[in-house]
Amino acid sequence: MYDLVIRGGTVVDGTGAPARRADVAVQGDRIVAVGQDLGAGDQEIDASGLLVTPGWVDIHSHYDGQATWDPYLTPSSWNGVTTVMMGNCGVGFAPVKPDERDFLIRLMEGVEDIPGSALSLGIQWDWESFPEYMDALERRSLVMDVGVQVPHGPVRAFVMGDRGARNEDATAEDVDAMAAIVKEGLRAGAFGFTSSRTLFHKAKDGDCVPGTFAPVEELLGICRSMGEVGHGSFAVASGALLGGTTSMEGGIPSEETELASLYRIAKETGRPVTYACVQNSHDPDQWRRCLKVSEEAAGEGVSLIPQVQARPAGLLLGIDGTMHPFNLCPTFQPYADLTPEARLAELAKPEVRAAILADSADYSGVAPSVRGINEAYGSMFRLGDPPDYEPKADQSLAAMAEREGRHPKELAYDALLEGDYLYLPAMNYVEGDMEVTREMMEHELALFGLNDGGAHCGFICDASTVTFLLTHWVRDRKRGDTLPLEWIVERQTRATAEFYGLHDRGVVAPGMLADLNVIDFEGLQLHKPKMVFDLPGNERRLLQDVDGYRFTIKSGQVTFKDGEATGALPGGLVRGPQTAVQAADSETELG
C-alpha cells in the first residue's frame with residue numbers, strides 16, 4: 001500500500017520525453033513508482049484528463065524577509081512552485097550587525113520595492129552571520145523549499161561598514177574577509193554568491209547597492225571561494241548588459257569589459273556565472289551580442305549562462321501602485337493617502353477629474369526614468385482581465401487616443417478609475433511582440449528566471465510567469481509560434497534544478513522528491529492582478545489569482561487543493577551541495 005497514488009494522469013516528467021498516461025506512487029517524501037495500474041494508496045487522486053508535472057523550481061526570487069514570517073510564500077506557491085532560490089541581485093538580510101539592520105531594510109525597500117515598514121515588523125532578526133540566518137530559516141516550516149545565496153551588498157557592509165555601504169574601494173584585506181564570509185556560507189549549504197552592478201538598483205535613500213562599482217579583482221577574489229569549496233554559482237544583474245548604463249560614467253564598465261570580466265570569473269574559478277539577459281530599448285540587439293559571447297565561452301568549456309524571462313518585464317501602473325501617470329501631479333496629492341474606496345470616490349467626481357487631467361506632473365527630484373515610464377503612452381496598454389501580455393501596437397493608449405481624438409492621459413485616467421492596470425512592457429518588447437522573448441528562451445544555453453517573486457510589490461507581479469509558460473507559450477499564443485509542452489516543463493523543472501545542483505527534484509521518476517503539480521491544463525487561467533494590504537503593518541503588495549492547479553504536492557504532502565492551502569508545511573531550507581540521485585527506471589518500483 002502506497003501513501004499516495006496519482007492515478008491516470010498525463011505525466012509530463014520533466015525530462016523532455018513525450019507525455020504519457022501513467023500512475024505515480026508516493027511513499028513518504030519520495031516517488032517510488034511511475035507506471036501502469038499501480039497498487040492502491042492510502043490517499044488517491046484521480047488525475048484523469050489532468051497533467052502531472054514536477055513542481056516548478058524558480059531560481060530568482062526575493063523572499064529573503066518574507067520567508068521569516070509567511071510560511072506560504074505567496075504568490076509563488078499559488079503557481080505550483082515547490083522550490084525557490086533567494087538572495088538574488090546582491091541584496092538580502094545576512095550577514096548583519098545589529099546596527100546595520102535598518103540599512104539592509106532600506107536597501108531591500110529601494111531595490112526590490114518591498115515596504116520597509118513591513119520588513120521591520122516582520123523580520124525577527126535571530127541571526128547575525130550567514131550560517132545563523134540559514135539556521136533561522138531551517139527552524140521555520142514552509143510550504144515549499146527555499147535555497148539561499150550569499151548577497152554581495154550585506155557582505156560588503158558587514159566587512160567594510162560605512163565604507164562598503166558608500167561603495168568605496170575594498171582593500172586586499174577587505175576582499176579576503178568577504179571571501180571568507182562567502183566560503184562560510186557555502187560550507188553551510190548556500191548555493192552561490194550574487195551581486196548587483198546596475199544603477200537601476202538603489203537603496204531607499206538613492207545610494208547604489210554596495211558592490212555596484214566593484215572591480216573585477218574584488219569579484220574574482222570573492223568568487224574564488226566557490227572554486228575552493230567546490231560548489232556554487234555567481235549570479236549578477238549587470239547594468240552594462242541591460243542597456244542605458246553602458247558607459248564608464250558613474251563607474252559602470254562597458255559591455256565588452258563586463259563580459260570579459262564575467263568570462264574571466266567563470267574561467268578562473270571553474271564555477272558557472274549567470275547574468276540577467278533581456279532586450280532593452282536603448283540597444284535592442286545587445287542581448288544577441290551577449291549570447292554570442294556565452295556561446296564562445298561554452299565552446300571553451302566556460303559556463304557563462306544567460307538568465308532570461310519568459311515574458312516582458314512588465315510594469316503595472318495602478319491607482320494604488322508605486323507609479324501611475326498622475327501620482328506626481330500636485331492636484332492628485334490630496335487623494336494619495338486616502339483609503340482605496342475613498343480615493344476612487346473622489347477621483348470619480350467630474351471636477352476632480354478635470355483638475356487632475358489639466359495638471360502636469362512635478363518631476364523635480366525624481367529620476368528621469370520615472371517621467372519616461374509615466375508618460376510612455378505609446379508603450380502603455382490596458383492589461384485587461386484576463387490579462388493580455390502580448391498586445392498589439394494599435395492597442396496602446398496613444399494609438400487608441402489618436403483614433404478617438406482624445407489625449408492618452410484621459411484614457412489612462414478612465415482605465416485606472418475602472419480598476420484596470422496600465423501595462424508597460426519595459427523589456428523584451430521593442431518590436432511589439434514576444435518573438436525576441438521566444439528566441440531567447442529557445443537558446444540552448446538559456447536558463448529560465450528573473451521572475452522576482454516576493455519583490456516589486458507596488459508595480460510588478462511576475463511570479464506568475466511559471467504559469468504563463470503553460471497558458472501563453474503552450475496553449476494560447478496567437479501572435480506567433482507556441483512552444484512544446486514537454487520542453488517548457490523541462491526548462492522550468494529539471495533545467496533550473498540542475499543548474500543549482502538540486503539533483504533530487506525536477507523529474508517525475510522513482511527516487512526523486514515527490515514535488516508535483518496536478519494541473520487542469522484547459523482550465524489554467526491567470527486573472528488580473530490586484531492590490532492587497534496583507535503584509536505586516538497592512539502594507540500593500542500586488543497579487544494575482546490563478547485557477548487550474550488542482551493539487552500541489554511538496555515532499556509527498558498535498559499543500560494546495562484547488563487553490564486552497566491544506567495547512568501542510570513540509571518544506572523548509574534546502575542546503576547544497578547535493579549528490580546526484582540515481583533514479584530507478586520509471587516503469588519499476590523502488591523497495
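For segment 474-484, 3J(HN,Hα) computed residue by residue from phi via the Karplus equation (6.51, -1.76, 1.60; θ = phi - 60°) reads 9, 9, 9, 4, 10, 9, x, 5, 8, 10, x Hz, glycine and proline entered as x.
Diffusion of segment 321-423 by Stokes-Einstein, at 4 °C in a medium of 1.567 mPa s and with Rh set to the Kirkwood radius over alpha-carbon pairs, works out to 91 µm²/s. A viscosity of 1.567 mPa s and a temperature of 4 °C, combined with the Kirkwood radius over Cα pairs in Stokes-Einstein, give a translational diffusion coefficient for segment 462-537 of 88 µm²/s.
Multiplying the residue separation of Glu138 and Asp162 by 0.36 nm and removing their Cα-Cα distance gives an extension gain of 5.6 nm. Computed about the Cα centre, the dipole magnitude for the chain is approximately 160 debye when only Lys and Arg (+1) and Asp and Glu (-1) carry charge, each at its Cβ.
Sort 453-462, 362-371, 171-180 by packing, meaning the average of other beta carbons within 10 Å per residue, with the highest value first.
Result, highest mean first: 453-462, 171-180, 362-371.
In terms of overall dimensions, segment 348-395 has a Cα radius of gyration and Dmax of 14.4, 37 angstrom. Between Thr566 and Gln36, what FRET efficiency comes out of the Förster formula 1/(1 + (r/R0)^6) with R0 = 35 Å and r the beta carbon distance, rounded to 0.05? Efficiency at R0 = 35 Å is approximately 0.80.
Per-residue extension of 0.36 nm, minus the Cα-Cα distance of Gln43 and Asn538, leaves a gain of 174.3 nm for this segment. Put the Cα centre of segment 150-178 next to the Cα centre of segment 408-460 and the gap is 34 Å. Of all aspartates and glutamates in the structure, the ones whose alpha carbon falls short of 12 Å from that of Lys392, not counting any fewer than 8 places away in one chain, are Glu431, Asp433.
Report the paramagnetic label zone for Asp476: residues of segment 444-465 whose backbone N is under 17 Å from a point 7 Å from Cα along the Cα-to-Cβ axis. 461-465, by backbone N distance to the label point. Net charge of the neighbourhood of Val352, taken over other residues with C-beta under 13 Å away and scored Lys/Arg +1, Asp/Glu -1, is 0.
The value obtained for segment 510-578, namely the Cα convex hull volume divided by the number of residues, is 138 Å³ per residue. Annotation: the residues Ser379, Ser76, Ser117, Ser48, sorted from fewest to most other C-beta atoms within 10 Å of their own C-beta, follow the order Ser48, Ser117, Ser379, Ser76. Computed from backbone phi with θ = phi - 60° and the Karplus coefficients 6.51, -1.76 and 1.60, the 3J(HN,Hα) list for segment 138-145 is 5, 6, 9, 8, 10, 7, 9, 8 Hz; x is used for glycine and proline. Kirkwood hydrodynamic radius of the chain from all distinct Cα pairs, in Å? Result for the chain stands at 24.6 Å.
Shown in residue order for segment 396-410 are the 3J(HN,Hα) couplings computed by the Karplus curve 6.51 cos²θ - 1.76 cosθ + 1.60 at θ = phi - 60°: 5, 4, 5, 5, 5, 5, 5, 5, 8, x, 10, 7, x, 6, 5 Hz (x for Gly and Pro).
Over the C-alpha trace of segment 287-355, radius of gyration and Dmax come out as 22.8, 67 angstrom.
Taking 0.36 nm per residue of separation and subtracting the current Cα-Cα distance, fully stretching the chain between Glu300 and Glu444 would add 50.3 nm.
For a straight C-alpha distance cut-off of 24 angstrom, the lysines reachable from Lys183 (same-chain residues fewer than eight places away being disregarded) are Lys97, Lys267.
For every other residue with a beta carbon closer than 14 angstrom to the beta carbon of Phe533, add +1 if it is Lys or Arg and -1 if Asp or Glu, then tell me the sum. With Lys, Arg at +1 and Asp, Glu at -1, the neighbours total -1.
Dividing the helix sum by the residues of the chain, where each DSSP H run of 4 or more adds -39500 (n - 2.57), gives a mean residue ellipticity at 222 nm of -8000 deg cm²/dmol.
Read-outs throughout are calculated quantities, based only on the coordinates presented, and are distinct from any laboratory measurement. Just so you know, these numbers come straight off a predicted model, no measurement behind them. Because the Cβ atoms are built from the backbone with ideal geometry, glycine has one as well, and the counts that use them run over all protein chains shown.
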